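Here the structure is laid out as structure tokens; the discussion comes afterwards.
The values are calculated or read from the model by the stated rules, or taken from the named source; none is laboratory data. Being a predicted model, the structure only gives us computed values, none of them experimental. Using ideal geometry, Cβ is built from the backbone for each residue, glycine included, and neighbour counts are taken over all protein chains shown.
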Amino acid sequence: MSSQDVSLREHGPAVSVPLGTDAGRALAAAGILRSATPDPGREGHWLLRAGSSVGAVRIPGGPVVRIAPKTSVSRLFFLLGFSLDPARAWRDSREGTIDMGGHDDVVPSLAHAVERQIDAALRQGVLQGYRTVEESALFVRGRIREADQVRRHFGRTPPVEISHDDYTADTSENRILRAAVERLLHLPGVSGPVRRRLARHRVRLADALPLVRGRELPRWQATRLNSRYQPALRLAEAVLRGASPEHRPAGAAPLAMDGFLIDMNRLFEDFVTVGLREALREHGLTARLQDPHHLDTAESVRMRPDLVVRTGDGRTPVAVVDAKYKVVKPDGHLNDDLYQALAYATVLGLNEAHLVYAAGRVPLRVREVHGAGIRLYQHSLDLSCPAEGLLSELERIAGQLAGTAARL
């Protein structure tokens, strides 16, 4: 780590950092930190305070900002691995299913993990597949696109408008892996050995076209043929979605920030909702993530509960869950959360709603709403407990939700 690097902690105290005005403004506008403001006591310095995003980002002309999570990096990667591949996580609930190479920082751990997965994916060779190509050619290959031939060349030949299938390494899967490799090679903190192995993978994936930055990732579908690629693809997509975009302060040129950040709010939400969805299947129930609804009859106020539990046929709502990556106050009161849960229950016509917090060992609390016959449950998950304990707690909550469905 360079002496100029800035180390912050998730939701930790602010740190005064020497930073140029443009870089400071870009960092403030990016939403990466909880706050970034000029330090009134030190000219040319900015006060940086981390929020829920963890990882590292390199500021052009400035330092590398590293944000450490409150939880251990191994626990963070367990949550990430579970969210990406819940079926595997239920089979093997031990931590360490993602190889982090012994690193205790987010970005080096991520780079090592992705490189190992890509190496395993490419061990049997680069996956190839058929891709439909439409082009103008001097000879017939495949089939003639008759409509295009008439429209463009009035039926004359050559050239011939043709369509054919190419067996190529330029597939969606390889494009994603190549883009992830190139992104990792630009991240700060990646070790030399990992960089060298990533560079070799880039050469092997050279036949895959590079992705255009800012565009949606190409879609791929899990099949028997790409099964060896799937763990690498899931991690690669996480890398690309966590890559920092370009930011443009008012009146300034774009400022590209290379880095990788994980939003702990989103990660906890994914862990809870994906875990409950998988556990509820054992009870014959279905669940929809971010299920869209409206608060009012005019449908002008949208609402998206994190998880709506439904009957096996998916038609009837039976429970609603919202995940909150924050600690319950000593008195258990988080009024905004309770009001939100009440609104969900009311709109869905349910007599209860559930909130799941990333808290310590806080007992279950139940709030009875006056005159409404609605109960609001506040659950907590202790992220410091063993991974098996976290999954057991999700199963307990799923069992309670299933019990609610059985009483309807």
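A few comments on the model shown:
- Verdict on Val160 being at pLDDT below 85, surrounded by 15 or more Cβ atoms within 10 Å (Cβ to Cβ) and either outside the structural domain of Met100 (by TED's automatic domain parsing) or not aliphatic (A, V, I, L, M) (or both): yes
- Test for Leu383: is it assigned to a loop (DSSP other than H, G, I, E, B), in the same structural domain as Asp296 (by TED's automatic domain parsing), buried (at least 17 other Cβ atoms within 10 Å of the Cβ) and touching a helix residue (DSSP H, G or I) at 6+ places or on another chain (Cβ under 8 Å): yes
- Taking the criterion of being among the hydrophobic types (A, V, I, L, M, F, W, C), at pLDDT 80 or above and surrounded by fewer than 20 Cβ atoms within 10 Å (Cβ to Cβ), the residues of segment 69-98 that qualify are Val73, Leu84.
- In a residue-by-residue description of segment 43-66, the property of being modelled with pLDDT of 85 or more, crowded, with 18+ Cβ neighbours inside 10 Å and acidic (Asp, Glu) applies to no position.
- Selection count, segment 1-33, where residues are part of a loop (DSSP other than H, G, I, E, B), without any contact (Cβ under 8 Å) to a residue 60 or more places away in the chain and under 24 Å from the mean Cα position of the chain (by Cα): 4
- Among the conditions (1) closer than 23 Å to Ala56 by Cα; (2) not in a loop (DSSP other than H, G, I, E, B), the only one that Arg200 does not satisfy is (1).
- Matching residues, segment 183-196, being assigned to a helix (DSSP H, G or I) and crowded, with 18+ Cβ neighbours inside 10 Å: Arg183, Leu184, Val194
- Any hit, segment 318-340, residues being among the basic types (Lys, Arg) and either assigned to a loop (DSSP other than H, G, I, E, B) or not assigned by TED's automatic domain parsing to the domain that holds Thr297 (or both): yes
- Members of segment 22-45 found to be touching a strand residue (DSSP E or B) at 6+ places or on another chain (Cβ under 8 Å), farther than 28 Å from His103 by Cβ and not small (Gly, Ala, Ser), listed by number: Asp22, Thr37, Pro38, Asp39, Arg42, His45
- Of all positions in segment 292-308, at least one carries a residue that is exposed (fewer than 15 other Cβ atoms within 10 Å of the Cβ), within 21 Å of Val347 (Cβ to Cβ) and among the basic types (Lys, Arg).
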